[in-house]
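Peer 1: Below is a structure I'd like to ask you about.
The values are calculated or read from the model by the stated rules, or taken from the named source; none is laboratory data. Keep in mind that this is a model prediction, so the values were computed, not measured. Glycine also receives a Cβ, built like all others from the backbone with ideal geometry; neighbour counts cover every protein chain displayed. Ligands, DNA and RNA are stripped out before the accessible areas are found, and what is left, the full protein with its side chains, is counted by its heavy atoms. Shrake-Rupley method; radii C 1.70, N 1.55, O 1.52, S 1.80 Å.
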Amino acid sequence: MQIELIKGHGSGNDFLLIDEITNSYSFSEQERAKIATLLCDRNSELGADGILFIMNSDHADGRMRVFNTDGSEASMCGNGLRLVARYVCEMKGLNEAIIETMKADLKVSKQQDIYPNVTTYQVEISPVSFFLEDLPLKLDQPNLLNEKIPELSQELTFSALAVPNPHLISVVNTEQLQSGVQKEISEKVNIPNERFPDGVNVSFVKSLAEGSIYVNTFERGVGFTNACGTAMSASSLVTCLQGLNNVEEIINVFNNGGRVQCVVHENDENYSIDLIGNATYMYQAQVEIDLERESFSVSSKEEFTEQSTYEKLQADAQEYLQKAGL
């Protein structure tokens with residue numbers, strides 16, 4: 001089969017976009033998983049953190065389905081949603097839209113550039129749940145907020161929430177961030193285990209200054225990534241709950257792929273988060289896929305010019321992190 005796709009990224013979290021709205025593609029569920037594992041392989045000519053299937057919705061402006069590199073489907077992806085928001089808005093001539101995701105219809109909108117000439121979109125991250133059964137996390141308590149899980153660490157505390165992807169978050173110091181313990185914990189909770197039967201995204205968060213944090217995430221089904229949109233959103237919320245930041249105020253979230261902004265909203269103890277950041281296109285390509293032979297070839301590739309501009313934002317972010325000792 002022949003497929004046209006666009007490779008793009010949000011904060012260095014890169015994806016392959018496949019448009020099922022204007023193209024007559026018809027994929028089975030098994031084919032979607034196989035396409036993801038095949039095309040996202042980092043040893044191949046393409047490689048990515050996942051695939052975004054952009055589809056028609058019977059009630060929204062578009063629908064997003066996200067498949068990870070291991071072929072599993074994610075319920076949400078904040079960085080990917082910014083790319084889908086851009087694609088749908090530009091295709092339909094909109095400045096704001098509603099995108100259907102697995103568990104919610106989410107508001108998206110074009111925003112003022114977060115950095116000169118870096119295309120920027122804001123996306124809604126919700127629903128938010130602190131019930132452990134929604135991750136799921138099997139503990140004899142209803143929720144976990146800034147508490148220890150002894151079998152994971154004797155010194156770190158964790159908060160657990162679903163946004164709706166499951167997240168385990170620990171606010172750490174520089175030494176803990178650089179110790180390698182995050183990798184050990186992440187691998188432990190993402191192999192068959194009693195606490196997290198479906199695995200979980202694990203983030204270490206370092207407070208940098210008032211209104212600024214650094215987030216490093218191990219994504220379930222992917223591994224360490226440059227950034228994870230739902231993790232940065234969930235981490236922002238956790239820092240607000242711990243008094244490190246404030247709701248309704250912009251939080252600058254630095255990551256290995258650059259920088260985004262988050263704003264936490266509270267309404268009668270219900271939370272949502274605005275995630276604001278780049279939606280950068282890298283190239284478009286035509287790909288010939290043979291699923292039976294588990295192979296593909298790229299017949300054409302056309303580069304966009306947006307990445308060089310984004311790299312200026314990334315360089316500024318890295319300079320800031322270096323000055324902060326990270």
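Peer 1: Kirkwood hydrodynamic radius of the range 104-231 from all distinct Cα pairs, in Å?
Peer 2: In the range 104-231 this quantity evaluates to 15.8 Å.
Peer 1: Calculate how steeply helix 78-92 sits against the longest principal axis of the alpha-carbon atoms of the chain, using the helix alpha-carbon long axis, and give the answer as 0 to 90 degrees to the nearest 10.
Peer 2: 40
Peer 1: I'd like the Karplus ³J(HN,Hα) series for the range 160-169: coefficients 6.51, -1.76, 1.60, θ = phi - 60°, whole numbers in Hz, and an x wherever there's a Gly or Pro.
Peer 2: Values, residue by residue: 10, 7, 10, 9, x, 4, x, 9, 10, 10 Hz.
Peer 1: By the scheme Lys and Arg +1, Asp and Glu -1, what is the net charge of all other residues having a beta-carbon under 12 Å from that of residue 62?
Peer 2: Value of the local net charge: -3.
Peer 1: Considering amide H positions built from the backbone, and no H for Pro or chain starts, which residues 5 or more places from residue 212, or on another chain, come under 5 Å of its amide H?
Peer 2: The list, which skips near neighbours in sequence, is 252.
Peer 1: OK, next. Specify the angular offset, from 0 to 90 degrees and rounded to the nearest 10, of the alpha carbon long axis of helix 29-39 from the longest principal axis of the alpha carbons in the chain.
Peer 2: 90
Peer 1: Next question, about the same structure. Under the classification rounded if a/c is under 1.5, otherwise prolate if a/b is larger than b/c and oblate if not, where does the range 191-254 fall, given a ≥ b ≥ c as square roots of the Cα gyration tensor eigenvalues? It would help to have the intermediate numbers written out before the result.
Peer 2: Details: a/c = 2.85, a/b = 1.95, b/c = 1.46.
Cα axes put the range 191-254 in the prolate bin.
Peer 1: Which whole-number percentage describes the relative contact order of the range 58-196, with Cα contacts under 8 Å and a sequence gap of 6 or more?
Peer 2: 17
Peer 1: Follow-up question, since we're still on this one. Please list, by residue number, every one of the GluC sites (Glu not before Pro) in the range 218-320 that is coil in DSSP and has at most 14 other beta-carbon atoms within 10 Å.
Peer 2: Counting only loop positions with at most 14 other Cβ atoms within 10 Å, the GluC sites (Glu not before Pro) in the range 218-320 are 248, 249, 269, 292, 294.
Peer 1: While we're here: Counting only heavy atoms of the protein chains, get the accessible area per residue of the range 82-121 (1.4 Å probe) and round it to a whole Å² value.
Peer 2: For the range 82-121, the solvent-accessible area averages 50 Å² per residue.
Peer 1: Moving to a separate point now. Which whole-Hz couplings ³J(HN,Hα) result when phi for each residue of the range 15-25 is put into the Karplus expression 6.51 cos²θ - 1.76 cosθ + 1.60, θ = phi - 60°, listed in order with x for Gly and Pro?
Peer 2: Listing the rounded values in order: 9, 9, 9, 10, 8, 9, 7, 9, 10, 9, 6 Hz.
Peer 1: Can you give me the long-range amide H partners of residue 14? Hydrogens built in the peptide plane at 1.01 Å from N, cutoff under 5 Å, separation of 5 or more residues or another chain.
Peer 2: It is 49, by chain and number.
Peer 1: Cβ under 15 Å from residue 223's Cβ, residue 223 left aside: what net charge do those residues give with Lys, Arg +1 and Asp, Glu -1?
Peer 2: -3
Peer 1: Sort 10-20, 93-103 by the packing proxy (mean of other Cβ within 10 Å over each peptide's residues), most packed first.
Peer 2: Top of the packing list down: 10-20, 93-103.
Peer 1: Ordering 265, 59 by accessible area with a probe of 1.4 Å, largest first, what comes out?
Peer 2: The ordering from most to least exposed comes out as 59, 265.
Peer 1: For the range 1-107, what % of the accessible area comes from carbon and sulfur atoms, probe 1.4 Å?
Peer 2: The nonpolar share, carbon plus sulfur, comes to 40 percent.
Peer 1: Here's a follow-up. On the accessible surface of the range 195-268, probed at 1.4 Å, how many percent belong to carbon and sulfur atoms? It would help to have the intermediate numbers written out before the result.
Peer 2: On the way: 880 of 2350 Å².
Exposed carbon and sulfur together represent 37 percent of the surface.
Peer 1: Go through the range 192-204 residue by residue and turn each phi into a ³J(HN,Hα) via Karplus (6.51, -1.76, 1.60, θ = phi - 60°); whole Hz please, and just put x for glycine and proline.
Peer 2: Whole-Hz 3J(HN,Hα) from phi for the range 192-204: x, 8, 6, 6, 10, x, 9, x, 6, 7, 10, 10, 9.
Peer 1: When the convex hull of the C-alpha atoms of the range 26-66 is computed, what volume per residue in Å³ does it have?
Peer 2: 75
Peer 1: Under 8 Å for C-alpha pairs, at least 6 residues apart: give me the relative contact order for the range 186-231, rounded to a whole percent.
Peer 2: Reported as a whole number, the value is 27 percent.
Peer 1: All other residues with a Cβ under 10 Å from the Cβ of residue 88 taken together, and with Lys, Arg as +1 and Asp, Glu as -1, what is their net charge?
Peer 2: Every neighbour counted, the sum reads 0.
Peer 1: Give me Rg/Rg_expected for the chain, where Rg uses Cα atoms only and Rg_expected = 2.2 N^0.38 Å with N residues.
Peer 2: On the way: Rg = 19.0 Å, N = 326, 2.2 N^0.38 = 19.8 Å.
Cα Rg divided by the expected 2.2 N^0.38 Å: 0.96.
Peer 1: Under the Kirkwood approximation applied to all pairs of distinct alpha-carbon atoms, what is the hydrodynamic radius of the range 147-200 in Å?
Peer 2: 11.8
Peer 1: Rounded to two decimals, what ratio of Rg to Rh does the range 77-132 give with C-alpha atoms and a Kirkwood Rh? Kindly include the intermediate steps, with their values, before the conclusion.
Peer 2: Working: Rg = 12.3 Å, Rh = 12.0 Å.
For the range 77-132, the value is 1.03.
Peer 1: Related question: Helix 306-323 sits at what angle to the longest principal axis of the chain, using alpha carbons and giving 0 to 90 degrees rounded to 10?
Peer 2: Roughly 20 degrees between the two axes.
Peer 1: Separate question: For the range 1-110, take N as its residue count and report Rg(C-alpha) divided by 2.2 N^0.38 Å. Walk me through the numbers before you get to the answer.
Peer 2: Details: Rg = 13.0 Å, N = 110, 2.2 N^0.38 = 13.1 Å.
Normalised Rg, Cα atoms only: 0.99.
Peer 1: With the calculation restricted to Cα positions, what are the radius of gyration and Dmax of the range 170-326 in angstrom?
Peer 2: 18.4, 54
Peer 1: Loop-only check: which trypsin sites (Lys or Arg not before Pro) in the range 11-44 are DSSP coil with at most 12 other Cβ within 10 angstrom?
Peer 2: 42
Peer 1: In percent, how large is the relative contact order of the chain, given Cα pairs closer than 8 Å and 6 or more residues apart?
Peer 2: Relative contact order comes out at 19 percent.
Peer 1: Only Lys, Arg, Asp and Glu count, each charged at its Cβ (+1, +1, -1, -1), so figure out the dipole size of the chain about its Cα centre, rounded to 20 debye.
Peer 2: That gives a dipole near 440 debye.
Peer 1: Within the range 137-183, report the GluC sites (Glu not before Pro) that DSSP leaves as loop and that have at most 16 other Cβ atoms within 10 Å.
Peer 2: Values: sites: 147, 151, 155, 175; in loops: 151, 155.
The qualifying sites are 151, 155.
Peer 1: Hey, what number do you get for the chain at 222 nm if only DSSP H runs of n ≥ 4 count, each worth -39500 (n - 2.57), divided across all residues, to the nearest 500?
Peer 2: -6500 deg cm²/dmol
Peer 1: Against the empirical 2.2 N^0.38 Å scaling, what ratio does the C-alpha Rg of the range 260-326 come to?
Peer 2: Numbers: Rg = 19.7 Å, N = 67, 2.2 N^0.38 = 10.9 Å.
For the range 260-326, the normalised Cα radius of gyration comes out at 1.81.
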